[in-house]
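Since the structure comes first, as structure tokens, the remarks are kept for the end.
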Amino acid sequence: MPSDISAISESRSRRVVVWLVPLLWTLGLGLWGLSRQDSVWRDEAATWQVAGRSAGEIWAMLGHVDAVHGLYYLLMHCLFEVFGASTATLRLPSVLAVSATAACVALIGRRLAGFWAGLGGGLALGLLPAVQFYLQEGRPYALVAAGAGVSTLLLVSLLERGPGRRAWPRWAAYGITVLVCALLNWLSLLVLPAHAATLGWARAGRRVWLRWAAYGSGAVAGALPLILFSRGQSDQVSWIPPLGWPMLIGPGILLAIGGLGAWADRTVRPDHRALSVAAVGLPLLAVPQLGLIGLSLVQPLFQDRYVLFSMVGLALLIGAALGAAVRACVPRLPRAAGLLVPGAVGVSVLALLPVELAKRAPASRIDDVLAVAGEVAGLKRDGDAVVFVPAARRDTALVSPGAFGGLADVALAASPAASATLKGEEADPARIRAALLGQRRVLLVTDAEKVAKPPSAERDQAKAAVLREHFAVVADRQVRGRRVTVYERLG
């Protein structure tokens with residue numbers, strides 16, 4: 001009897017360790033360098049400045065732009081209200097979300113392939129380069145990944161338990177989770193065909209198929225109004241280039257790695273159960289990637305962050321490969337088998353150290369809106385004017401209004417909040433020209449020379465022409481992807 005009790009206690013402790021260690025490990029990775037040297041780039045600046053508005057102003061804005069991120073903006077607004085605006089408040093939700101995702105990966109892996117597969121997959125998730133980038137990102141993609149992890153864990157538990165009368169709460173939780181993810185980013189609905197592939201692979205029964213279809217359809221129906229409405233704002237993604245062969249290299253490499261993990265899981269496992277890590281992980285990795293590629297043939301949409309949740313499948317398959325290696329090692333080197341997963345993780349950390357450091361540096365992003373705000377604060381004088389080219393670079397003033405105190409935004413006709421837009425509404429070119437000609441000193445905030453594009457909007461062309469013809473440059477600073485130039489009136 002004592003031996004039985006100790007075995008049960010050990011089993012319970014392993015069940016806790018298998019998800020708790022990956023959760024804490026990923027949390028530590030996320031907290032490491034969280035502020036990125038107090039830098040915030042343009043995508044995060046959009047979250048920051050919208051979250052700082054009132055709920056009514058956010059709701060009004062969503063009618064014109066960014067409806068697809070509406071739920072996320074409202075969530076961040078609540079967090080900013082409670083904890084204040086800071087880089088920690090901006091990014092901690094993503095850190096916590098990826099940590100929860102790692103725990104889900106570990107639980108799924110343990111259920112399907114044992115302790116070491118679960119532990120290895122959970123620890124591997126936070127080390128994936130794509131995940132490390134969005135682990136500390138003030139955008140909704142990490143939250144979607146967490147939802148995909150939770151919904152997949154629920155599906156696996158339902159398939160293992162089989163159809164029963166008490167299954168409906170889990171099915172309801174599954175449908176709600178998929179719906180919430182869709183409201184954060186409706187491309188996350190690609191998780192449904194991935195789960196359908198798992199059901200087919202696992203030879204699910206008719207009752208399971210019907211319940212999955214019912215609750216999945218409910219999630220799609222709940223998200224459909226947002227999908228249809230946001231399609232009217234498709235100009236927001238007009239900057240995405242058409243699908244090309246270079247874009248397919250990354251997904252191809254990921255699918256190759258995932259295929260190796262699936263092969264290892266299916267060849268080393270002695271029982272070859274239909275419900276395996278391969279049956280869950282490979283569709284979750286492949287289907288969203290291939291689905292987004294297919295959608296991009298109709299309208300360019302291919303951005304890896306839109307299917308970040310597919311990394312859950314890759315982590316599961318990596319964990320399966322590690323678990324298979326441990327099982328193969330046990331008969332020959334039983335003492336070394338327990339060190340294989342920690343050793344592999346340690347080697348991976350060292351091998352990826354340059355990537356880990358780069359992802360936590362300001363240079364990992366296109367620009368830094370806070371750094372250029374500091375330059376403006378040092379160069380401005382009372383009574384100076386300021387203009388932004390393009391107008392979207394006004395985000396630095398919206399995130400750091402104190403640095404722009406005393407400056408006249410002479411091109412602005414209606415503020416972002418008043419116009420229910422992200423960047424505000426500017427006056428017509430003639431008025432902008434007249435306003436600039438009435439200034440003695442003007443600060444121009446724009447992109448750094450390496451990333452700047454020639455002004456395309458008529459208003460921006462008018463700003464550039466007046467400054468070029470009637471002003472002289474007296475100071476010029478470039479910092480972290482942004483540029484501020486001080487002009488003084490000729491004569």
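The values are calculated or read from the model by the stated rules, or taken from the named source; none is laboratory data. These numbers were taken from a predicted model, which means no experiment stands behind them. Cβ sites come from the backbone with ideal geometry, for glycine too, and all protein chains shown count toward neighbours. We work out accessible area using only protein heavy atoms, side chains counted, and drop any ligands, DNA or RNA first. Shrake-Rupley method; radii C 1.70, N 1.55, O 1.52, S 1.80 Å.
What the table below lists for this structure:
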item	result
Heavy-atom accessible surface of the chain: percent carbon and sulfur, 1.4 Å	64 percent
Nearest-ten-degree value, helix 334-351 long axis tilted from longest Cα axis of the chain	10 degrees
Amide H partners (placed H, <5 Å) of Ala475, local residues excluded	Val486
The chain - share of DSSP beta bridges that are antiparallel (%, nearest 5)	70 percent
Cα-centre dipole for the chain with unit charges at Cβ (Lys and Arg positive, Asp and Glu negative), debye to 20	1500 debye
Heavy-atom SASA rank of Leu340, Leu301 (probe 1.4 Å, accessible area, largest first)	Leu340, Leu301
Rg/Rh ratio calculated on Cα atoms of region 5-94 (Kirkwood radius)	1.21
Along principal axes, Cα extents of region 272-329, largest first, whole Å	48, 21, 12
C-alpha center-to-center spacing [region 64-140, region 382-425] in angstrom	32 Å
Kirkwood-Stokes translational diffusion coefficient of region 382-491, alpha-carbon pairs, 4 °C, 1.567 mPa s, µm²/s	92 µm²/s
Whether region 131-187 is rounded, prolate or oblate, judged on the alpha carbon gyration tensor where a/c under 1.5 counts as rounded	prolate
Anisotropy class of region 292-395 from Cα gyration tensor, a/c 1.5 cut	oblate
For the chain, accessible area per residue (1.4 Å probe, heavy atoms of protein chains only), Å²	44 Å²
Acute angle (nearest 10 degrees) that the helix 277-298 long axis makes with the longest principal axis of the chain, alpha-carbon atoms	30 degrees
Beta bridges by DSSP in region 385-491, antiparallel share as percent, to the nearest 5	70 percent
Share of Cα-Cα pairs in the chain lying beyond 36 Å, as whole percent	38 percent
Residues with amide H under 5 Å from that of Asp409, placed H, sequence gap 5 or more	Val386
Dimensionless Rg over Rh [region 58-139; C-alpha; Kirkwood]	1.13
Accessible surface ranking that places the most exposed of Leu436, Leu282 first, with a 1.4 angstrom probe	Leu282, Leu436
Whole-number percent relative contact order across the chain, with pairs defined as alpha carbons under 8 Å at least 6 apart	17 percent
If the convex hull is drawn through the Cα atoms of region 307-455, its volume per residue in Å³	175 Å³
Binned Cα-Cα distance frequencies in region 140-222 - 5 Å width, integer %	3, 16, 30, 27, 16, 7, 2, 0
